[in-house]
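Undergrad: Before anything else, here's the structure in question.
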Amino acid sequence: MTQNLMANSSPNRPNQPAAGGSNKRAEWAAWLVIALAIAAVVILIVTTMTPSSAGDAGLPRERQAQQQNDRSVVPTGEVVELDVEVEGMAFVPNSVEIAAGDSLKITFTNTGDQVHDLKIGNDETGRVNPGDTAVLETAPLGESIQGYCTIVGHHSQGMVFDVAVTGTVTGTATGNAAGNAAGEHNHEAVTGDNPHVTVPSMAELGTQREGFKAFDASLKPALSTTVHEYTWVATEEKREVAPGIEQVQWLFNGQAPGPTLRGTIGDTFRITLRNEGTMGHSLDFHAGEISPDQAMATIQPGEEVVYEFTARRAGIWMYHCATMPMSLHIANGMAGAVIIDPPADSELALADVDAEYAMIASEIFLGESEVGADPQRVANGEFDLMAFNYYPSQYALEPLQAKVGDTIRMWIMNVGPDEPLSFHVVGEVFDTVFTEGAYTVRDTAETGSQALSLLPAQGGFVEMTFDEPGTYTFVNHVMTRAEKGQSGSIVVVK
Ligand SMILES: [Cu+2]
């Protein structure tokens, strides 16, 4: 190579004959080759461009498909009119069905408490202040499309409006456009990339549904008995775990969380666990101080184990299935709390309150309906939703109730399996907080506590007194966890 270069750039070149006949022919031949090459390139470019019209050549393929689709819409002249309002972070109604070629005239009244808008395709209302109304008229629509609020974060929280178009024109271009639109929707509107289900959005979690019944969070006083004897069955049953999502849960006594037990220091708890499931299960009571070897052993389907312990210490204590992988058994519902009261004459004695509640905090993992929580996603810590008492946002749908002047005590147990909890009540300061064996503040007006922090397997209680009527929201102040369902309301009336 080096030698050739040396040869071509040889200093001898100027000494070669300049205008010999054979050299001239070679020069013409070279020019001819160059001209042919240029012609070939030009032909190639022209050929490539021919299928597209000049106007579309620069557009991305999706946009071209969209344009072709738009051209295929035959307007019917029909205008479908409807009123749309806002409830929380959702449009109400949040869908409409029209025929291909119809257009929409939406009278949008923002009944929410912040600015919203509605955009469908290229048509939008513009910003609408709370209490204001705007009218949105769309072009004739040829295929189903999802409208949404363009305010940052509202789309991803579920502020969407589905227009189902019947009699949609079919064809490759339409199919591509629809596919792309659906892909974009999934990416933005769901809270995770769960391959099994579409995870409900924050708006869907907060949407009222007829017949919904929340898990009863009210807590009764300890029974006067000193021996608490129960038989629990371990089962695996398909239940609703989030709005519109049914999947298998693993249950103690047919419920998730398992029953909340309550007694007093010195009481004996004797729990017989009968395994009516299809796999091994077991029990581990953190309130007990006994050898794990027998009591916590995994029992097979059809077997029983008796777990007996004497409660020596006051507080709220976790219990859970201790069969591997524990994360999965807890994620599927096998966890709960035991509450042990100090004696009334103890210096730790509980004050009188107007009501008590028990909240078991956990992650929710979604999976195939027949399987339950996706084991791999549980192993990876990829939770989909968060919950108090194993159902996201249930106390937002069915709030706790109190009166002005009431003092309530909320017992909180974080069963995880993995996520921390920072329990806060919007608009309240806790007068009393007890956590993991001690009061951190107690019946004080001079100071107080804004959040009870609990790692998995930690518990405690908070007390608060309501001075004014209103809707007080309790949340995991790890804020994105609240938005995934770890929030609820206390409605306080006069
Ligand atoms: Cu289990």
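Undergrad: From 396, 358, which residue is crowded, with 19+ Cβ neighbours inside 10 Å, among the small types (Gly, Ala, Ser) and closer than 24 Å to residue 319 by Cα?
TA: When all the criteria are applied, what remains is 358.
Undergrad: Here's another thing I want to ask about it. Kindly indicate whether residue 344 is assigned by TED's automatic domain parsing to the domain that holds residue 276 and at pLDDT below 95.
TA: Here the answer is yes, as residue 344 does meet what is asked.
Undergrad: Moving on. I need the full set of residues from region 278-294 which are outside any loop (DSSP other than H, G, I, E, B) and more than 18 Å from residue 358 (Cβ to Cβ), in order please.
TA: 281, 284, 292, 293, 294
Undergrad: Additional query: From the set of residues in region 117-126 that are under 27 Å from the mean Cα position of the chain (by Cα) and farther than 11 Å from residue 86 by Cβ, which is surrounded by the most Cβ atoms within 10 Å (Cβ to Cβ)?
TA: If we filter region 117-126 for residues that are under 27 Å from the mean Cα position of the chain (by Cα), which is where we start, we get 117-121.
Subset that is farther than 11 Å from residue 86 by Cβ: 119-121.
Numbers: 119: 17, 120: 22, 121: 17.
Looking at residues that are under 27 Å from the mean Cα position of the chain (by Cα) and farther than 11 Å from residue 86 by Cβ, I get 120.
Undergrad: What number of residues within region 242-277 satisfy the criterion of being away from the ligand (no atom under 16 Å from the Cβ) and in a loop (DSSP other than H, G, I, E, B)? Before the answer, list the steps.
TA: So in region 242-277, the residues away from the ligand (no atom under 16 Å from the Cβ) come out as 242-246, 260-270.
Then drop every residue that is not in a loop (DSSP other than H, G, I, E, B), which leaves 243-244, 260, 265-267.
Here the count works out to 6.
Undergrad: Spot the failing condition for residue 494; the list is (1) out of contact with any strand residue (DSSP E or B) (no Cβ under 6 Å at 6 or more places or on another chain); (2) basic (Lys, Arg); (3) crowded, with 19+ Cβ neighbours inside 10 Å, and only one is missed.
TA: It is condition (3) that residue 494 fails.
Undergrad: Got a number for residues in region 331-366 being polar (S, T, N, Q) and within 16 Å of the ligand (Cβ to nearest atom)?
TA: Looking only at region 331-366, we keep the residues that are polar (S, T, N, Q), and these are 332, 346, 362.
Add one more test, that the residue is within 16 Å of the ligand (Cβ to nearest atom), and what stays is 332, 362.
Here the count works out to 2.
Undergrad: Right, another one. Would you please name the residue that is farthest from the ligand (Cβ to nearest atom), looking only at residues in region 278-330 that are surrounded by fewer than 20 Cβ atoms within 10 Å (Cβ to Cβ) and of a type in the set (Val, Ile, Thr)?
TA: 310
Undergrad: A follow-up question, please. Of all residues in region 115-165, which are outside any strand (DSSP E or B) and of a type in the set (D, E, K, R)? Reasoning before the result, please.
TA: Applying the first criterion (outside any strand (DSSP E or B)) to region 115-165 yields 115, 117-118, 121-122, 125-127, 129-132, 138-144, 149-159.
Within region 115-165, 117, 127, 132, 143 meet the criteria.
Undergrad: Continuing with this model, one more query. Among the listed residues 322, 297, identify the single one that is without any contact (Cβ under 8 Å) to a residue 24 or more places away in the chain, outside any strand (DSSP E or B) and closer than 27 Å to residue 249 by Cβ.
TA: On the way: 322 fails: without any contact (Cβ under 8 Å) to a residue 24 or more places away in the chain.
Of the residues listed, the single one that is without any contact (Cβ under 8 Å) to a residue 24 or more places away in the chain, outside any strand (DSSP E or B) and closer than 27 Å to residue 249 by Cβ is 297.
Undergrad: While we're here: Pick from 246, 237, 303: which is more than 22 Å from residue 390 (Cβ to Cβ) and in the same structural domain as residue 334 (by TED's automatic domain parsing)? Talk me through it step by step, then tell me what you get.
TA: Numbers: 246 fails: more than 22 Å from residue 390 (Cβ to Cβ); 237 fails: more than 22 Å from residue 390 (Cβ to Cβ).
Only one candidate passes the filter, namely 303.
Undergrad: Residues being assigned to a loop (DSSP other than H, G, I, E, B) and in contact with a helix residue (DSSP H, G or I) (Cβ under 6 Å, 6 or more places away or on another chain): count how many of those fall in region 355-408.
TA: 4
Undergrad: Which pairs do you get when a residue that is in the same structural domain as residue 410 (by TED's automatic domain parsing) and under 12 Å from residue 490 (Cβ atoms), found in region 462-477, comes within reach of a residue that is modelled with pLDDT of 95 or more and among the acidic types (Asp, Glu), reach meaning Cβ atoms under 6 angstrom, with the pair 6+ apart or on two chains?
TA: 464/428; 466/406; 472/428
Undergrad: Looking at region 220-241, which of its residues are within 16 Å of the ligand (Cβ to nearest atom) and hydroxyl-bearing (Ser, Thr, Tyr)?
TA: Scanning region 220-241 gives a single hit, 235.
Undergrad: Among the residues of region 70-77, are any at pLDDT 85 or above, out of contact with any His (no Cβ under 7 Å at 6 or more places or on another chain) and not in a loop (DSSP other than H, G, I, E, B)?
TA: No, because not a single residue in region 70-77 is at pLDDT 85 or above, out of contact with any His (no Cβ under 7 Å at 6 or more places or on another chain) and not in a loop (DSSP other than H, G, I, E, B).
Undergrad: Restricting to region 443-484, count the residues that are loosely packed, with under 15 Cβ neighbours inside 10 Å and closer than 27 Å to residue 285 by Cβ.
TA: So the count comes out to 1.
The values are calculated or read from the model by the stated rules, or taken from the named source; none is laboratory data. These numbers were taken from a predicted model, which means no experiment stands behind them. As a convention, Cβ positions derive from the backbone with ideal geometry for all residues, glycine included, and neighbour counts pool all protein chains shown.
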